[in-house]
Amino acid sequence: MKADFAGSVWLQGKARNAIAFIVGIVATSTLCAQTAAPGASNLPFPDTGGLMVEVAQDQKRIESLLSQYTFTDTTTVDILDKSGNIRNQHTDTYYLTPTAYEFFSLHVSHEGNAVSQKNLDEQQKKIEKRMKEDERKAQRNESIHPKSQMIFSEIIAQSTFTPLRWEQRDGLNTLVYWFEPKSTTPRRGNLSQRIAADLKGKMWISPDEKEIVRIEFSSVSPLSLGLLGNVKGFEGFTEQRKFHGELWMPIRQEYIAQGRELFKGFRIRQVDEFGDYLKATTDVFQQIHSPSAPSEPPAKQ
């Protein structure tokens, strides 16, 4: 789990990680131009239900591919006041890498400065210990802490969709859909499932790629964190691109959340910039300590 420097109980909890992954998991520095798709404005909309089934199925393929890749996540967290001004800001970079059982994140820099070798060694020992525990559990056929799940398929399963228009984004003809929760009853399940069932917004979907190119969302109702407090509301968006001709993953994501933790209120903004999507080596730590090669630019469509 990432080490946070915002001094917030909520930021260090599962809720922050689940929400962050949505955004989970996870805005673009330069937004793509939005234009009507050439020649597509008069095209009929495909069957919504059938397309969503295909998009959800392709998410499982992406989950499988992701286990073969390492990547970096540079996270900037702003603590905001009531007027939206920045009171405090922290930037950290993490190196995420898969193992046979789960993903691990290595904290490699804080405020642009590399963490100490001692810190890296301590993190490495903890990861190695966890890997050995996973191996022992696997040998005993015990349950292993699951890898982080991509939440897009869960949002699709929990939402209804209304086609709005065709639109071109980054050279792709996309369909813009409005989505909202299927049910207004109290959400159930784990944290990710409850979040996925409580979102509304827009999705830009490429029918050709069967992929979500962009998602803009906001929460419908408050999210209770039990004794830790609650999230009154959050909103944000995620932009995705295609890497190495096969992997659709976020390049940048952003969200703003506000609520209460224990006895005080909070308002935060988080921006994640992802990159260096590279095929993982068999030796996790060799990959971590190797110089990063330039990530492949998004495939042209």
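Every read-out reported here was derived from the displayed coordinates using simple, explicitly stated rules and does not represent laboratory data. Please read all numbers here as calculations on a predicted model, not as lab measurements. Please note: Cβ atoms are built from the backbone with ideal geometry, for glycine as well, and neighbour counts cover all protein chains shown.
Mind jotting down the distance between the C-alpha centroids of the stretch 196-212 and the stretch 53-121, whole Å?
22 Å
Roughly speaking, what is the stretch gain from Asn113 to Ala157, that is 0.36 nm per residue apart minus the C-alpha to C-alpha distance, in nm to one decimal?
Going from the current span to full extension adds 11.7 nm.
Go through Lys210/Lys279; Lys129/Lys232; Lys137/Lys242; Lys182/Lys202 and tell me which ones have a Cα-Cα distance over 26 Å in this structure.
Lys129/Lys232; Lys137/Lys242
Below 8 Å between Cα atoms, with a sequence gap of 6+, how large is the relative contact order for the stretch 67-202 in percent?
Contact order relative to length: 14 percent.
In a solvent-free Debye calculation with one equal scatterer on each Cα, what is log10 I(q)/I(0) for the stretch 52-190 at q = 0.15 Å⁻¹, listed in the order of the q values?
-1.12
Could I have the simple spin-label model distance between Gln124 and Glu54, label points 7 Å from Cα toward Cβ, reported in nm to one decimal?
4.7 nm
Set the Förster radius R0 to 51 Å, insert the Cβ-Cβ distance between Trp178 and Met131 as r into 1/(1 + (r/R0)^6), and round the FRET efficiency to 0.05.
0.75
Say R0 is 30 Å: what FRET efficiency, to the nearest 0.05, do Gln89 and Lys200 get from their beta-carbon distance?
E(calc), rounded to 0.05, equals 0.55.
Along Cα→Cβ, 7 Å out, is where each label goes; now give me the distance between the ones at His244 and Asn230 in nm to one decimal.
The modelled label-to-label distance comes out at 4.4 nm.
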